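Note sheet for the following structure.
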Amino acid sequence: MKKEKHRTDISIKCGKVTDSFEKLEMLCKEKAKNLSETIEISNSEVISVPFWTSEIPELICIGNFSKSEGGSIVYELDFSQSTL
């Protein structure tokens, strides 16, 4: 089954532009894990969520959330689009 990609009004803010990229990656992974436990997604959709720094908004990564065949929420974080 093909998954349809949808954008939402969800966005995550974490860390500061002065934080190391490793720290920002860790914070994004924590926030993504928490979101995956609460977000509701249909079987055929992918929700893209931007992760931003808190004070000065710089894009850290994009999280793509979807439902696995087993029914659990899974995600991938794409750091290639970062503006840092």
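What follows is calculated from the coordinates using simple rules that are stated; it is not laboratory data. Keep in mind that this is a model prediction, so the values were computed, not measured. Here the Cβ is made from the backbone with ideal geometry for all residues, glycine too, and neighbour counts use every protein chain on show.
Does segment 48-59 include one or more residues that are touching a residue at least 60 places away in the same chain (Cβ under 8 Å) and among the β-branched types (V, I, T)?
Looking only at segment 48-59, we keep the residues that are touching a residue at least 60 places away in the same chain (Cβ under 8 Å), and these are none.
So far as segment 48-59 goes, no, none of its residues is touching a residue at least 60 places away in the same chain (Cβ under 8 Å) and among the β-branched types (V, I, T).
Show me the strands (runs of 3 or more DSSP E) entirely contained within the chain in which 3 or more residues are loosely packed, with under 13 Cβ neighbours inside 10 Å.
Fully inside the chain and qualifying: 4-7.
Of the numbered conditions (1) on the phi > 0 side of the Ramachandran plot; (2) within 11 Å of the chain's Cα centre (by Cα), S11 satisfies every one except a single condition; which is it?
Single failed check for S11: (1).
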